[in-house]
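Where a number appears in this text, it was derived from the coordinates with a stated rule and is not lab data. Just so we're clear, the structure is a prediction, and the values are computed from it rather than from any experiment. A quick note on method: Cβ atoms are made from the backbone with ideal geometry, for glycine too, and the neighbour counts reach across all protein chains shown.
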Protein chains: 2
Amino acid sequence: MMKIGLVGLGLIGGSMGLDLRNYGFEVLGVSRKQKTCQQALDLGAVDEASTDLSLLKSVDLIYICTPINTITPILKQLIPHLQPQTIVTDVGSVKKPVVEECSHLWSNFVGGHPMAGKAEQGIEAAQKGLFIKAAYVLTPTSTTPQLAIDSVGEIATILGCQLSICSPETHDRAVAWISHLPAMVSASLIAACMEELDPSVLQLAQNLASSGFRDTSRVGGGNPELGEMMARYNSSQLLNALCQYRQSLDTIIKFIQQEDWCSLQEFLQATQDARSNFL
Amino acid sequence: MMKIGLVGLGLIGGSMGLDLRNYGFEVLGVSRKQKTCQQALDLGAVDEASTDLSLLKSVDLIYICTPINTITPILKQLIPHLQPQTIVTDVGSVKKPVVEECSHLWSNFVGGHPMAGKAEQGIEAAQKGLFIKAAYVLTPTSTTPQLAIDSVGEIATILGCQLSICSPETHDRAVAWISHLPAMVSASLIAACMEELDPSVLQLAQNLASSGFRDTSRVGGGNPELGEMMARYNSSQLLNALCQYRQSLDTIIKFIQQEDWCSLQEFLQATQDARSNFL
């Protein structure tokens, strides 16, 4: 059975450890904080834990489960401890910049993105079965070893994920549409409502807001650090999506300004029809 | 006990009938279609039903529960059958144009908006308790009789609603923010994603779309006729909200273009903080 290393014991790393141990893998975990190491041990998310990356010197496969901006620096620190056959992967939500840097540093690297999560963060939020039915995207390049792809893909399937394999660019463009654009669209909704200057209208709006506002604003009320990071690392694909979005919005505004109700209804009919293709 | 009339036996009229009868009111219902009258009788949503408005000649209070564009025409047809003391109200989701016309036609009119609903429509979707904990807004004018406000407000409370009273303008401005703007924002998201021209990216986006996309796009995939009607009858408040929204969106786009990640994170922090005021 493979020996697995986890760097970063938050929601994703912790949940992965719980499941992997459940399926019989030996799991070694590294966190910056001793307290998190202890929590992971107490929860049963790891067999051993340490604040020192050298703990992972004998593992077969390492998941880097830390924020996007730390993945490359952590890989650099890991390399002195790794054996040449050790496979390294990550769980970052943007792939192109991460894969470019990491593949260059470590040939046995394959980028990955398990699309599971919840509002809570940290090891306290870790749970078994978090990845069941979640999409798991692997983003190899032309030089990624097949064994690395197969190994990470096999474990994704064991965790209950639905595996997709595509280029880092295709991944980043797709998630710009269905994940990063919705976050910005939704945040703009909250920001716009905050601009209502009449306190009686604002108060009433706050009292009347129900499921429609709740759902549309949900991802815009998410973790600001995560939102900023997605935008920073996927800026060109996100800008492309935002510009297309603004055109769609301007079309609606134009129909209303021109009182072209027939075209507006056709537009809304088309969006109603199209939504089911995504869900 | 008051005798209540319902015109329009769809989701709202039907659900109201079920609850009102449950609380001991006598309920007479009118629908354009004989089949709907029979369904309402079979479901126990009304005591009597007819396709003829003259059925309502002896009731104390009438709810017009039909689409916004039909409220004024129905009131005109009702008037020959009404006694002077009969109170008339409606359930339309935009108030200013409706209240202006109807108050002029019938002095004993008070506009209302019970903010309950679900994806399904029609008498088949009617259910008991639909209005429990829902907001119910009454929008009197300076000439609305106090008895009309009190009577409709009392029944709203009996139905389990949380009552708000404000001017038609304040109502329309508040719902533009929390109901009509989200519908347009959400529809634009679906429309933008439909513009992806690379079939492999579109296919992947459709496969990867999960809870974030589902929630943000939900109200944009709603009933197109209803969306068009909200926009048509609340066009000036909705345009105001849309223009403010576009400014918020442009602020986000500017931060990303300028790679001003610090400001973007502050923006997202502010929206995260503000969202809880609405929910």
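Could you pull out the longest piece of chain A with no exposed loop GluC sites (Glu not before Pro) in it, calling a site exposed if DSSP puts it outside H, G, I, E, B and it has at most 15 other Cβ atoms within 10 Å? Before the final figure, lay out each step's value.
Details: sites that count: A:120, A:195, A:259.
The segment A:1-119 is the longest one with no such site.
Given 0.36 nm per residue, what is the gain on full extension from residue A:240 to residue A:23 after removing their alpha carbon distance, in nm?
The span from residue A:240 to residue A:23 would gain 74.0 nm if fully extended.
Which aspartates and glutamates does residue B:57 reach when only Cα atoms under 14 Å apart count, and residues fewer than 8 places away in its own chain are ignored?
Those aspartates and glutamates meeting the cut-off are B:26, B:48.
Using only the alpha-carbon atoms, how far is helix B:235-257 inclined from the longest principal axis of chain B? Give it as 0 to 90 degrees, nearest 10.
Taking the Cα atoms of chain B, the angle to B:235-257 is about 20 degrees.
Calculate the spin-label point distance for residue A:147 paired with residue B:266, positioning each point 7 Å from the Cα along the beta-carbon direction, and give it in nanometres.
5.2 nm
I want the antiparallel fraction of DSSP beta bridges within the range B:3-166, as a percent rounded to 5. Numbers along the way, then the final one.
Values: 4 of 26 bridges.
Rounded to the nearest five, the antiparallel share is 15 percent.
Taking the 0 to 90 degree range and rounding to the nearest ten, how far is the long axis of helix A:146-158 tilted relative to the main principal axis of chain A, both from C-alpha atoms?
Between helix and principal axis, roughly 70 degrees.
So, R0 is 41 Å and r is the distance between the beta-carbons of residue B:101 and residue B:276; what FRET efficiency does that work out to, to 0.05?
The calculated FRET efficiency here is 0.60.
Per DSSP H run of at least 4 residues, take -39500 (n - 2.57); add these up for the protein assembly as shown, divide by its residues and hand me the 222 nm value, nearest 500 deg cm²/dmol.
-16000 deg cm²/dmol
Could you tell me the relative contact order of chain B? Use alpha-carbon pairs under 8 Å, at least six residues apart, and round to a whole percent. Intermediate values should be presented prior to the final figure.
Details: 438 pairs, mean separation 39.3, N = 279.
14 percent.
Could you work out which residue, out of A:69, A:207, A:223, moves most in a Gaussian network model of chain A, that is, has the largest mean-square fluctuation with Cα springs under 10 Å?
Answer for the Gaussian network model of chain A: A:207.
With a Cα-only, solvent-free Debye model of the range B:171-278, what are the log10 I(q)/I(0) values at q = 0.10, 0.14, 0.18, 0.23 Å⁻¹?
The calculated log intensity ratios at q = 0.10, 0.14, 0.18, 0.23 Å⁻¹ are -0.37, -0.73, -1.12, -1.30.
On C-alpha positions alone, give me the angle between the axis of helix A:96-105 and the longest principal axis of chain A, in degrees, nearest 10.
20 degrees
Enumerate by residue number the trypsin sites (Lys or Arg not before Pro) in the range A:2-102 meeting two conditions: DSSP loop (anything except H, G, I, E, B), and at most 16 other Cβ atoms within 10 Å of the site's Cβ.
Here the trypsin sites (Lys or Arg not before Pro) that fit, given the DSSP loop and packing criteria, are A:32, A:33, A:57.
Could you give me the ³J(HN,Hα) list for the range B:162-177, computed from phi with Karplus coefficients 6.51, -1.76, 1.60 and θ = phi - 60°, whole Hz, x at Gly and Pro?
So the Karplus estimates, Gly and Pro as x, are 9, 8, 10, 10, 7, 6, x, 5, 4, 4, 5, 6, 5, 6, 4, 5 Hz.
Which net charge results for the neighbourhood of residue A:254, defined as the other residues with beta-carbon distances under 13 angstrom from its beta-carbon, given Lys and Arg at +1 and Asp and Glu at -1? Before the final figure, lay out each step's value.
Values: positive: A:246, B:246; negative: A:250, A:259, A:260.
Once positives and negatives cancel, what remains is -1.
What are the nm distances, shortest first, from residue B:44 to its equivalents in the other copies, labels at 7 Å along Cα→Cβ?
4.8
What net charge is computed for the residues neighbouring residue B:268, neighbours being all others with C-beta under 13 Å from the C-beta of residue B:268, Lys and Arg scored +1, Asp and Glu -1? Don't skip to the end; give the middle numbers.
Details: positive: A:232, B:275; negative: A:225, A:228, B:260, B:266, B:273.
For residues surrounding residue B:268, the net value is -3.
Tell me, how many Å apart are the Cα centres for the range A:126-169 and for the range B:120-198?
Here the two parts' Cα centres lie 44 Å apart.
With springs only between Cα atoms under 10 Å, which of A:68, A:253, A:158 fluctuates most in a Gaussian network model of chain A?
Answer for the Gaussian network model of chain A: A:253.
What net charge do the residues around residue B:237 carry, taking every other residue with its C-beta under 13 Å from that of residue B:237, with Lys and Arg at +1 and Asp and Glu at -1? Write down the numbers at each step before the final one.
Details: positive: B:95, B:96, B:173, B:232; negative: A:196, A:198, B:169, B:172.
Counting the neighbours of residue B:237, the net charge comes to 0.
Between residue A:203 and residue A:165, what's the calculated FRET efficiency when r is the beta-carbon distance and R0 is 41 Å? Round to 0.05. Provide the component values of the computation, followed by the final result.
Numbers: r = 51 Å, r/R0 = 1.25.
With R0 = 41 Å, the Cβ-Cβ based efficiency is 0.20.
Once the cut-off is 32 Å, how many percent of the Cα-Cα pairs in the protein assembly as shown end up in the long-distance tail? Please list the in-between numbers first.
On the way: 81400 of 155403 pairs.
Summing the P(r) of the protein assembly as shown above 32 Å gives 52 percent of all pairs.
Most fluctuating residue of B:116, B:205, B:45 in a GNM of chain B with Cα springs under 10 Å: which is it?
B:205
Over the range B:65-223, one equal point on each Cα, no solvent: what is log10 I(q)/I(0) by the Debye formula at q = 0.13 Å⁻¹?
Per q value, in the given order, log10 I(q)/I(0) is -0.72.
What FRET efficiency do you get for residue A:251 and residue A:60 if R0 is 51 Å and r is their Cβ-Cβ distance, rounded to the nearest 0.05?
Working: r = 53 Å, r/R0 = 1.03.
My answer for the efficiency is 0.45.
Quick check of the Kirkwood formula: for chain B, what is the inverse mean of 1/r over all pairs of different Cα atoms, in Å?
Working: mean 1/r = 0.0484 Å⁻¹.
This gives a value of 20.6 Å.
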